[in-house]
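Each remark here refers to the structure printed beneath this line.
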Amino acid sequence: MNDSHNGITVDRKICVVCGACAAACPAEALVVEGLSLVVAQERCRPCGIAALVCPTGALACPGGK
C-alpha cells in the first residue's frame, strides 16, 4: 500500500520503519509512532531529503532528487 501526503509517497510494503527519514527531515514532518511511519502533512515541505536517506527506497518525493 502506498500512502501519499503532500508530495511524499511511502511504500508501506518496503518501509522498515527504521526512523532514518524522521531523523533527517528538517521540517519534522515524519514521525515514527510504534510500528508506523506517520507523515504530518501540514509540516511537509517536499524537499526530498527523507527520500534520499531512506535505506530501502520506500519514500519518493517529487520535490527532491
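Values quoted throughout were computed directly from the atomic coordinates according to the rules given, and no laboratory measurement underlies them. Since we're looking at a predicted model, the values are computed, not measured. Backbone-built Cβ (ideal geometry, glycine too); neighbour counts: all protein chains shown.
What do you get for GluC sites (Glu not before Pro) in the stretch 13-47 restricted to DSSP loop and a cutoff of at most 11 other Cβ within 10 Å of the site's Cβ?
For GluC sites (Glu not before Pro) across the stretch 13-47 that sit outside H, G, I, E and B with at most 11 neighbouring Cβ atoms in 10 Å, the list reads 28, 42.
If each residue of separation counts as 0.36 nm, what is the full-extension length gain between residue 32 and residue 45 once their alpha-carbon separation is subtracted?
2.9 nm
For the stretch 2-60, what is the Kirkwood estimate of the hydrodynamic radius, computed as the reciprocal of the mean inverse distance between distinct Cα atoms, to one decimal in Å?
Kirkwood radius, the stretch 2-60: 11.0 Å.
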